[in-house]
1. Please go through the stretch 19-41 and pick out each residue that is open to solvent by 30 Å² or more (accessible area, probe 1.4 Å), farther than 25 Å from C103 by Cα and assigned to a helix (DSSP H, G or I).
2. Check R304 against each of (1) part of a helix (DSSP H, G or I); (2) within 30 Å of G36 (Cβ to Cβ); (3) in contact with a strand residue (DSSP E or B) (Cβ under 9 Å, 6 or more places away or on another chain); (4) open to solvent by 40 Å² or more (accessible area, probe 1.4 Å) and name the one condition it does not meet.
3. Which of the residues belonging to the stretch 307-335 are assigned to a helix (DSSP H, G or I), touching a helix residue (DSSP H, G or I) at 6+ places or on another chain (Cβ under 6 Å) and under 25 Å from A46 (Cβ atoms)?
4. Quick one: R107 ticks every box in (1) closer than 20 Å to I348 by Cα; (2) open to solvent by 50 Å² or more (accessible area, probe 1.4 Å) except a single one, so which number is it?
5. Show the residue pairs that are 6+ apart or on different chains and have beta-carbon atoms under 6 Å apart, the first residue being within the stretch 280-309 and farther than 25 Å from H112 by Cβ, the second being outside any strand (DSSP E or B).
6. Can you say whether L97 is open to solvent by less than 30 Å² (accessible area, probe 1.4 Å) and touching a Cys at 6+ places or on another chain (Cβ under 7 Å), as far as the supplied structure shows?
7. If you scan the stretch 262-272, which residues turn out to be open to solvent by less than 10 Å² (accessible area, probe 1.4 Å) and either aliphatic (A, V, I, L, M) or within 14 Å of L232 (Cβ to Cβ) (or both)?
8. As an exercise: evaluate G249 against (1) surrounded by fewer than 24 Cβ atoms within 10 Å (Cβ to Cβ); (2) not in a loop (DSSP other than H, G, I, E, B) and give the number of the one condition it does not meet.
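The values are calculated or read from the model by the stated rules, or taken from the named source; none is laboratory data. All values derive from a computational prediction rather than experimental measurement. No Cβ is skipped: glycine too gets one built from the backbone with ideal geometry, and neighbour counts run over all protein chains shown. Each accessible area value is taken on the protein alone, full model and side chains, heavy atoms only, with ligands, DNA and RNA left out. Shrake-Rupley method; radii C 1.70, N 1.55, O 1.52, S 1.80 Å.
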Amino acid sequence: MRAAVFHDAHDIRIEEVADPAGPGRGEVLVRPYWCGICGTDLHEYAVGPIVIPIDPHPLNGSTAPQILGHEFSAEVVEVGADVVGVKAGDRVSIMPLLYCGRCYYCRRSLNHLCVSMACIGLSYGWGGIAELAVVPATHVSVLPDSVSDLQGALVEPAAVAAYGVDTAQVRPGDTVLITGAGPIGALAALYASSIGANVVISEVNATRAALARDLGVGDVVDPTQVDPVAFLKDRTEGIGADAVIECSGNERALQTALSAVRSAGRISQTGLHTKAASIDPMILSEHDITLTGTWCYPVTDWPRIIDLIARGRYPVEKVVTAQVAMADVVSGFDTLLSPTGDQVKMLIQAR
C-alpha cells in the first residue's frame, strides 16, 4: 500500500509499504479518507525529528521512519477480537493520543498528560496519510450521517481549539480576542462564536485574515495597522477583553494578550511557542489575570465535538483552504511552510 513516510527533515517520501497484517485484539483496521497536515507535522518536516522518536518510544517501541498523519477520518475495514461499538463499514474519526493508563496523570483522567504519551502518525506504527492503518478500537468514534468525511478529519484540531476556549472559561456575551488566525485560531473563533461570545481576531497575514473574515464570526484587525488593545478597549468602555485565546505562539501576541485582557480576565496559551517569550509577570499580579497553558485536549472529547459539528454548531469545514492528493503531499508541506504561501489548512486525500 502507499503511505507518506517521514525519514528526516525535508525527507518525506510516498512509498510502498507492507499492508497491515490485520487488526489484533481490541484493534480496528481502517481505510483513511482525509488527513490534515498539522503544525506539528510541519515542524517535523522543517527541523525534525522532534516528536518522532529516533530511539524506541517507551510506550510502544516505535521509531522513525514514521507514517505521518494524526488528524484523520476513515472507514472501518475489519474489527479485531473483543471489539464492540464499531463495525466494518462504519465511518469514524480517530483520537490519536496513546497513553499508558497507569501513570500519575492517567490515573487522574489526565491522559493527555501521560508521562509516556505517544501519538498515531507521530510515534506509532501507523498513520493517517496511508491507504490502510490499524488503530485501537477505543480511539475511534463513529460519525453520524450529518458529519462528512472531511469534517471527520477536522475533529482533532477542532478539539485543540475548543480546549483552549474552554480553558479560558468563555461564556455567552464575553468579548474574546483570538490572536492568530491559523487553523487553530480560526477554529477557536468558530467555537467561541458558537458559545455566544463576541469575537475579535488579530492577524497580520493577509491570507489568514481573509479566511478569518470569511468565517463571519466577528471583527478582524491587522495589528500592524490597528492596535488590537485600543480597538478592544474602545468597544468595551475601556475595560478590555474578558478572555484571550493566544493561538500564534508569538511573543508579541502574548504581550498583546496581557495588555488586552481586562482585570480578572483569562488568557489561554493555546499556540505552541518554539522559543522563550518575555512577559512582565507584574501585570498578572496587578490585574489578577489568569494565564493558563493548554496541551492537546481531553481524550474523551471526541463525541462532544462530533455532536457539535453534526448539529451545525461548529462548522469546522470553513477553515479548509486546500484538498490535495497523497502524491502531492511534499509540495503541500512546502506550500504551507512558504512565507508567501496562500494556504491555511490543507487536507490530504489518503485514497
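1. Within the stretch 19-41, just G39 meets the criteria.
2. It fails just one condition, (3).
3. Taking the stretch 307-335 and keeping what is assigned to a helix (DSSP H, G or I), we get 307-310, 316-319, 326-335.
Applying the additional criterion that residues be touching a helix residue (DSSP H, G or I) at 6+ places or on another chain (Cβ under 6 Å) yields 309, 316-319, 333.
V319, F333 - these are the residues of the stretch 307-335 that are assigned to a helix (DSSP H, G or I), touching a helix residue (DSSP H, G or I) at 6+ places or on another chain (Cβ under 6 Å) and under 25 Å from A46 (Cβ atoms).
4. Condition not satisfied by R107: (1).
5. Correct list of pairs: I283/L258.
6. Values: open to solvent by less than 30 Å² (accessible area, probe 1.4 Å): yes; touching a Cys at 6+ places or on another chain (Cβ under 7 Å): yes.
It is true that L97 is open to solvent by less than 30 Å² (accessible area, probe 1.4 Å) and touching a Cys at 6+ places or on another chain (Cβ under 7 Å).
7. Matches in the stretch 262-272: G265, I267.
8. (2)
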